[in-house]
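A short write-up of the structure that comes next.
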Amino acid sequence: MKKKISLLLCAIIIINTFMIKDTNIVVQAASSTNLSWIKNDTMDDLLQIVGNKAGDDEVLLNWDLLQFGNYELVYRLQDDTITKVKIRLDVDKMGIDYGIFKESTGDSLVQNLVNLSYYEMDYSLNVPVLINTPPVIVDIGGENYIHKEILKTSTNKYSGISFKLNNIDVRVKWNPQLNTVHFYTQGVEAGKIIEFGLHLDH
C-alpha cells in the first residue's frame, strides 16, 4: 500500500511525485527552506531518526533554518481542525508554540485536549522518561498554544522536545550545527489529502 506525495516549491516550478502508502501528503514551502517529507523514516522518543520504520499514521518533516525569525507550520489532520506550530529561532534558543483550533470558529482546543491527556518527555534525567506534568500554555494574539523551548548548549544531548497530546505524539528536533529542524507527528488518516505548509516571517 502506498502514499502519494507532491512536493511543491514556491518560486521554482518543480513537481516531484512519489508513490508510497495510502495518504496524499502535499508539502508546500518557500524554496529557501527546503521543506521535505522524509517518507520512510520515523523519530523515536529519544529524538533519534529511525530509517525505514515509518508507521501508516506518521509524518516526519525536515527543513533548513537559514535565518533567525519566525517559522510557522500549518496543517489539518481532521475536518474543521487546524494545527499551527510556531517556531522562533534565536541566537541561543528555539521557541516552539503548538496550537490546535476549530477552523470554523477559531476556538482553541489545546486546553481541552491537555485536560483529556498530556505527557511529555523529561530529557533532564540520565534516562529520559515520559511524565505527566501540566504544560505551559501561552496566549499569542488571542490564541492558546503549548509553549516549549530548546536551549542551544553543547551539553544538551537531546536537542529537542517530545510530548503526547490526547494520544498523539509530537516531536521537534533542532540541530544547531546543521541549522535544520525535524518535525514529527501522528494522526494522519489513510485516504485523506493532508497539506503541510511552511511560512517564514522575515
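The values are calculated or read from the model by the stated rules, or taken from the named source; none is laboratory data. Source: prediction; values computed, not measured. Glycine gets a Cβ as well: all are built from the backbone with ideal geometry, and neighbour counts include every protein chain shown.
Going residue by residue through the range 85-102, is there one that turns out to be of a type in the set (G, A, S) and in contact with a Lys or Arg (Cβ under 7 Å, 6 or more places away or on another chain)? Quick ask: steps written out before the conclusion?
First, the residues of the range 85-102 that are of a type in the set (G, A, S): 95, 99.
Filter once more, so that each one left must be in contact with a Lys or Arg (Cβ under 7 Å, 6 or more places away or on another chain): 95, 99.
Yes, the conditions are met somewhere in the range 85-102.
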Just give me the residues in the range 158-202 being acidic (D, E), farther than 25 Å from V91 by Cβ, out of contact with any Lys or Arg (no Cβ under 8 Å at 6 or more places or on another chain) and surrounded by fewer than 18 Cβ atoms within 10 Å (Cβ to Cβ), in sequence order.
-> E189
Read through the list (1) in contact with a Ser or Thr (Cβ under 7 Å, 6 or more places away or on another chain); (2) closer than 21 Å to V59 by Cα, then give the number of the only condition that E103 fails.
-> (2)
Check whether at least one residue in the range 101-114 is in contact (Cβ under 8 Å) with a residue 40 or more places away in the chain, in a strand (DSSP E or B) and closer than 21 Å to H199 by Cα, and report yes or no.
-> yes
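Considering only residues that are of a type in the set (A, V, I, L, M), in a loop (DSSP other than H, G, I, E, B) and closer than 27 Å to N115 by Cα, which ones fall in the range 132-189?
Initial filter on the range 132-189 (of a type in the set (A, V, I, L, M)): 136-138, 140, 146, 150-151, 161, 165, 168, 170, 172, 178, 181, 188.
Still in the running and in a loop (DSSP other than H, G, I, E, B): 178, 188.
The one that is of a type in the set (A, V, I, L, M), in a loop (DSSP other than H, G, I, E, B) and closer than 27 Å to N115 by Cα: V188.
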In the range 81-105, how many are among the acidic types (D, E) and modelled with pLDDT of 95 or more?
-> 2
Flag for L125 being modelled with pLDDT of 95 or more, at negative phi and not in a strand (DSSP E or B) = no
Single residue of the range 101-157 satisfying the filter (closer than 18 Å to T81 by Cα, in contact with a Phe, Trp or Tyr (Cβ under 7 Å, 6 or more places away or on another chain) and among the β-branched types (V, I, T)) that is surrounded by the fewest Cβ atoms within 10 Å (Cβ to Cβ) | V110
Scanning the range 69-99 residue by residue, the ones that are without any contact (Cβ under 8 Å) to a residue 40 or more places away in the chain and of a type in the set (A, V, I, L, M) total 2
Cross-chain or 6+ apart pairs with Cβ under 6 Å, the range 36-55 first and closer than 17 Å to T180 by Cα and surrounded by 15 or more Cβ atoms within 10 Å (Cβ to Cβ), then at pLDDT 90 or above and among the small types (G, A, S) = D41/G51; D41/A54; T42/A54; L47/G160
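Yes/no matrix, rows are residues, columns are (1) more than 23 Å from W63 (Cα to Cα); (2) polar (S, T, N, Q):
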{"site": "D122", "(1), (2)": "yes, no"}
{"site": "V127", "(1), (2)": "yes, no"}
{"site": "L130", "(1), (2)": "yes, no"}
{"site": "T133", "(1), (2)": "yes, yes"}
{"site": "K157", "(1), (2)": "no, no"}
{"site": "I161", "(1), (2)": "no, no"}
{"site": "K173", "(1), (2)": "no, no"}
{"site": "N179", "(1), (2)": "no, yes"}
{"site": "F196", "(1), (2)": "no, no"}
